[in-house]
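Q: The structure follows.
Just so it is clear, none of the values below were taken in a lab; they were calculated from the coordinates. Worth saying up front: this structure is predicted, and the values here are computed from it rather than measured. Positions of Cβ are generated from backbone atoms using ideal geometry, with glycine treated the same way; all protein chains shown enter the neighbour counts.
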Protein chains: 2
Amino acid sequence: MASGNVEKLELSFSAVPDKPKKDWVLLSLRVLAFLATASATLVMALNKQTKNFVVATIGTTPITVSITAKFHHTPAFIFFVIANGVASLHNLVMIGVDILGPRFDYKGLRFVLIAILDMMNLVLASAGDGAATFMSELGRNGNTHARWDKICDKFESYCNRGGAALIASFIAIILLLITTVMSISKLKPKN
Amino acid sequence: MASGNVEKLELSFSAVPDKPKKDWVLLSLRVLAFLATASATLVMALNKQTKNFVVATIGTTPITVSITAKFHHTPAFIFFVIANGVASLHNLVMIGVDILGPRFDYKGLRFVLIAILDMMNLVLASAGDGAATFMSELGRNGNTHARWDKICDKFESYCNRGGAALIASFIAIILLLITTVMSISKLKPKN
């Protein structure tokens, strides 16, 4: 009995240096994913461009109309901001759980729950990216069949900032994908 | 030692009737998900409406132009068809793996791989749904800010069939979500 206890203690000691090593990779991936989704959210949410268009001239005085392009004029971009905002929050919470979590574990259910939440978060983020990507494509190229003209020739910097938000969110998707695969792989039965 | 072996045998016997029971639920969910994604793919891919528009009249003779609305005029709908087609294929393969798979298992890695593939499939399907949903919303409501007119008042049955494909794909997403959660839960360490 006594030797059995010693063996157990040894095992738990040898297991300690292993676990944080693996967690640091996951943790830093989560931090990077948080930064990517947060910047995608902010860049898109603050995206706004006002431009003056000359609609007529009276004598030599041009009559201008100022038109503002904002992200919340497009439902797909609103969804994009919500999806990336939720993904940022999720990763913040998961970073917290990673640090404080081991205290609240129950029969290994914690890791299953984390994997499922990671997966759902990724699904939401990818739906937001899909919506915003194709709406941006429409803004850039237009659609002659539906007679929807492109608007990126008029609101160039609005489109470029939107594109930057999309690139950030694509990087986030890749990071979230790696994170989720790691979360699922953690559940692998150990032999 | 002998009594220990008997106990193990009993455990494995009692575990046998449990497993196929759980698999039948998952298998039927996969079949349903396959039917949903396949019908979403087909309904969207075959969606087409030709309509005649009167553009002028010479005397009493109307001059008409026939315009056809097809899914492949919209990149988002092409992506939707690809995503749902891939999801259908994935579920077919997974049904095959469910039936034949146990022969090719390696250290329980099969279930990890299935969970990861299920997750990736769901992510792809959700990106396709996000893209198609917001493009359909644009077709139905238009966007006054970008001066994109709605087209569903002209191509009503085209829009309705597209809406049916979207509903089928939403049902598919819910089924795929349940399937993926079940795949991940299967990995839960048994106590």
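Q: Calculate one ³J(HN,Hα) per residue across region B:60-75 by plugging θ = phi - 60° into the Karplus curve 6.51 cos²θ - 1.76 cosθ + 1.60, and present them in order as whole Hz with x for glycine and proline.
A: Once θ is set to phi - 60°, the couplings for region B:60-75 become 10, 8, x, 9, 10, 10, 9, 10, 10, 9, 10, 5, 7, 7, 10, x Hz.
Q: Next question, about the same structure. Nm distances between the label at residue A:29 and the same-position labels in the remaining copies, 7 Å along Cα→Cβ, shortest first?
A: 2.4
Q: Another one. Can you work out ³J(HN,Hα) from phi for every residue in region B:158-166, in order, using Karplus 6.51 cos²θ - 1.76 cosθ + 1.60 and θ = phi - 60°, giving whole Hz and x for Gly and Pro?
A: The phi angles translate into 4, 5, 5, 5, x, x, 5, 4, 5 Hz.
Q: Are there chymotrypsin sites (Phe, Trp or Tyr not before Pro) in region B:90-191 that DSSP marks as loop and that have at most 16 other Cβ atoms within 10 Å, and which are they?
A: B:106
Q: Given a cut-off of 18 Å, name the pairs among A:150/B:154; A:150/B:51; A:150/B:48; A:150/B:150; A:154/B:70 whose C-alpha atoms lie farther apart than that in the structure shown.
A: In this structure, A:150/B:154; A:150/B:51; A:150/B:48; A:154/B:70 lie more than 18 Å apart at Cα.
Q: While we're here: Where in region A:154-191 does the amide nitrogen come within less than 13 Å of the point 7 Å from the Cα of residue A:53, taken along Cα to Cβ?
A: A:154-156
Q: Taking a virtual spin label 7 Å from the Cα of residue B:73 along the C-beta vector, which residues in region A:148-176 bring their backbone nitrogen under 19 Å of it?
A: Correct set: A:148-151.
Q: So, one more: Starting from a label point 7 Å past Cα on the Cβ side, list the distances from residue B:109 to the same position in the other copies, nm, shortest first.
A: Label-point separations across copies, in nm and ascending: 3.2.
Q: Which distances in nm, rounded to one decimal and ordered from shortest, link the label point of residue B:72 to the equivalent label points in the other identical copies, with labels set 7 Å from Cα toward Cβ?
A: Nearest first, the other copies' label points are 4.1 nm away.
Q: Whole-Hz Karplus ³J(HN,Hα) for region A:171-188, in order, using 6.51 cos²θ - 1.76 cosθ + 1.60 and θ = phi - 60°, x for Gly and Pro?
A: 4, 4, 4, 4, 5, 5, 5, 4, 4, 5, 4, 5, 4, 5, 5, 4, 7, 3
Q: Once amide H atoms are placed 1.01 Å from N in the peptide plane, what residues at a sequence separation of 5 or more from residue B:148, or on another chain, have their amide H within under 5 Å of its amide H?
A: Amide H to amide H, under 5 Å and 5 or more residues apart or across chains, residue B:148 pairs with B:143.
Q: Still on this model: Name the residues whose placed amide hydrogens come within less than 5 Å of the amide hydrogen of residue B:64, ignoring near sequence neighbours (fewer than 5 apart) on the same chain.
A: Under 5 Å from the amide H of residue B:64: B:55.
Q: Mind checking the mean number of beta-carbon atoms from other chains within 10 Å of the Cβ atoms in B:117-124?
A: Counting Cβ atoms of other protein chains within 10 Å of each residue's Cβ and averaging gives 5.
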